[in-house]
Each structure stands twice: as C-alpha cells, then as structure tokens.
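Okay, structure first, notes after.
Each reported figure results from applying straightforward, stated rules to the coordinates on display, with no laboratory input. These numbers were taken from a predicted model, which means no experiment stands behind them. All Cβ positions, glycine included, derive from the backbone under ideal geometry; neighbour counts span all protein chains shown.
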Ligand SMILES: Cc1ncc(COP(=O)(O)O)c(C=O)c1O
C-alpha cells in the first residue's frame, strides 16, 4: 500500500483536535506541572483547570450541569448508573457503534439490544420500534461518525413510552441537530475526549445534563459515592449515595480540554468545509451516493460515507483508494469494532465473571439475543456496500482534489462501469 496520494502529498492522519495543538495547550499543561497541582480537588496551589473546563462546557452546550470524566467509556458507565440501569434492563444501541457503548451496558449488568441503522448510519426511528420490549429501559442514540441522529424521530418513539434517551456524542462533539447542540436533547449526553475525537485531551470524557438529580448521581458514581461541597466530600441525599468508580479527570487533562473546547468550532468548520468541497466535486458520479444526513448543517464532518450499488463496487473503490495512498479508508463492513458482529466478546456473550453475568443472570433471563452477523440484516446490507473516508482537520484544496480525482477514477474504472462498456 502506497503512502503517497496523487500530487505527491500524504493524506494526513485523523486525530482532529491534535492538528490544532499549539503553545496554548503547552502553556496550560505547564501551568499545572509548575504548581504541582495535578489533582482536581486539592494541591499545593488551589487547582482550577477542570473546574474552568466544566464551566466553559456548561456555557458552550448551554446546560445546567457538566461533569468531566477520565474517559468516554467511564462517562457512559456513570451516566447509565445515574439512570438506574442494571440487571433486568435492556438497552438499545445501533448496529453501527463503538465497542465501548456495548461494554458500558455489560459493565452495569444490563443486556445490549441491537437496533437497525438506516442510510443515515444512525439508529432508524422506524425500525427502533421493533427492538423495544417491556424491559427496554434506555435507548443510546449514538451520533456516529460525526453526524447527528434523527433526534426528532427517536424522541417521538421513546418519549411516549417513557424510555430515556442517552446521547453518545463521542464522535460528534460540536454537532447540532436543528439548532440544538447534540447531547442536550436526550436526558443526558456523553462525550469522549480521546485522541481521535473532534477535540481531545488524550484521554477524557464529559457528561452533560439539565437534571439535578441525575447530575448528583453521576457525580457520586464518578467520584467516591458521595457529593462534594467546595471540593470536600459531603453526604448526599439518599438518591445520590452510592459506590464510587474513581473516574475523576486530572488537572493535566482539564487544562488541555479547556483550550481545545475553545478551538472546537474552528476544527469542526474546517472539516465541514473540506467535506462539502469533496462531496461537491463528486456530485453526479454515477452509482455513488452519500450517507443521508439528518441535519447537514449540524454534521461535524470527520468522515465521508459513500454508498455504492453493491459490495463488489465498494470493494473496488476501497482497493483503489488504498492503492492510491488513502490508507485510512475502510469498507464499513470491515471497520473493526464499529460493527456489532465484529465484536467477538459480544457475539460470544463473554461474561464479566464466572457467574456468567450479565447474560446468565436471573434478572436477564427473558432477554435472549443473538449478536452474530445477520442479527441486523438491513444494516449488514448497508455496511457491505459502503466505504468510509476520514476527513482530517488540516486538508488543503490539493488534498481534497486528490481525493475527488481518485474516487472518480475508481468509479469510472470499476466493475459497474466495465459492465456498461
Ligand atoms: C461512540 C463512542 N462511544 C464511546 C466511546 C468511548 O470513549 P473513550 O475511548 O474515551 O473511552 C467512543 C470512543 O471511541 C466512541 O466512539
């Protein structure tokens, strides 16, 4: 596989936030190190970076509560704990996801249930209804690969049934749906600040909500099972007293996250501009269509998903992209732990302990599901004929032109084109 794309360039690696790191992040980290105050609640000099980040997050997302966490997975587990999810609960997730969204459900002792995605590559509101049972206690709306879900459609299914929606915005930070920030439409929203996200501090997470009790419960879960007043542990009301998971964010991460949050709108608009330009350059190419966007203006655009007429053409396009230096392109069916049936631990129902939980626990005995390929046939068919290309946050017009030319050439020489000659 070549590294160079046409024009003698290289297609940059993903890591959207990383391309924007400069002396601002360096100075913020130095400030923490110089003062030796690496823990968010006390230190030689009173720490403030995680507090400042949470304050900035409340303003940015326009929410009452923001809680910094040390990973997106941790944020999911704390949010699910706050929402009371545990044994006896079924939690719906889309067939296109990330392994952590399933892992969090298993960690709290609940049963993951797969929902089909549609051409938006997010949960289909229409097909969601089929996955709901009397045991459904949560729907996780994952805004996959940068684009918001059809939140009106999902809320219209969930709300009348009283099922809460948790928005997993790990891959869509800075995105909006009909003018509202993702993460603010369901009961709670979570974000990941891991390296390959729209903004990053290397490893980190965030929970947002407007609900006071859910916030306190999540806080207690992320810390030591209690609340804090002015940074000191305090006994909470009964509803928030629990067992802590030790998922606090460090000052080092808070310092970087605070700077990156300021840059997030610029990072997203850069990716949006590149994606728009590449899509415009490919308009009218026969046999090529794009993922349906629930809100094109709210797309954060770290990826382009291309739909081809069949799996053979998708494989041909992928081969051409890879041979021309676009090593980060994938056929979605082969996109690792983003596809339910590629997750061996899910397919095998690997238990958390010798007791077999959660799949064999008494409370979950009515929830028998198969997670092998074929469990979501509509999604499987889409995955087979689609190709994903990352849109790095530092592309130049020359990079964009190279992508357009390579995709056009591939589809003019592909199996479909050859058949028509
Ligand atoms: C959709 C989704 N949810 C959750 C996570 C977990 O985040 P983290 O890696 O910060 O634990 C990720 C991370 O890649 C993700 O893509």
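Before moving on, here are some points about what is shown:
- At full extension, residue 22 and residue 292 could sit 93.7 nm farther apart than now, given 0.36 nm per residue minus the alpha carbon distance.
- Nearest 10 degrees, 0 to 90: helix 72-82 Cα axis against the chain principal axis: 50 degrees
- Beta bridges from DSSP with both residues in the chain: antiparallel share about 65 percent, rounded to the nearest 5.
- Cα-based Rg of the stretch 116-235 normalised by 2.2 N^0.38 Å, two decimals: 1.16
- Degrees separating the helix 311-323 axis from the principal Cα axis of the chain, which is the longest one: 90 degrees
- Three-way shape label, the stretch 341-391, alpha-carbon gyration tensor, a/c 1.5: prolate
- The equivalent ellipsoid that matches the C-alpha gyration tensor of the stretch 1-73 spans semi-axes of 34, 18, 11 angstrom, in descending order.
- Each principal axis of the Cα cloud of the stretch 290-355 was taken in turn, and the coordinate range along them, longest first, works out to 48, 32, 23 Å.
- Surface/4 of the Cα convex hull for the stretch 23-260, nm²: 12.4 nm²
- The chain pair-distance distribution - Cα-Cα, 10 Å bins, rounded %: 5, 22, 30, 25, 14, 4, 1, 0
- With contacts taken as Cα pairs under 8 Å at a separation of at least 6 residues, the stretch 23-260 carries a relative contact order of 25 percent.
- Per-peptide average of other Cβ atoms within 10 Å, ordering 229-239, 176-186, 42-52, 108-118 highest first: 108-118, 176-186, 42-52, 229-239
- Counting only Cα atoms, the stretch 213-340 measures 64, 33, 28 Å along its principal axes, largest extent leading.
- Across the stretch 6-87, Cα pairs under 8 Å and at least six residues apart give a relative contact order of 11 percent.
- When you restrict to C-alpha pairs under 8 Å that are six or more residues apart and normalise by the size of the chain, the relative contact order lands at 22 percent.
- Prolate/oblate/rounded label for the stretch 207-247 (Cα gyration tensor, a/c 1.5): rounded
- Computed helical MRE - 222 nm, the chain, DSSP H runs ≥ 4 contributing -39500 (n - 2.57), nearest 500: -11000 deg cm²/dmol
- By the count of neighbouring beta-carbon atoms within 10 Å, fewest first, 71, 386, 328 end up ordered 328, 71, 386.
- Cα gyration tensor shape for the stretch 11-133, rounded if a/c is under 1.5, else prolate or oblate: prolate
- Rounded to the nearest 10 degrees, the inclination of helix 212-222 to the longest alpha-carbon principal axis of the chain is 90 degrees.
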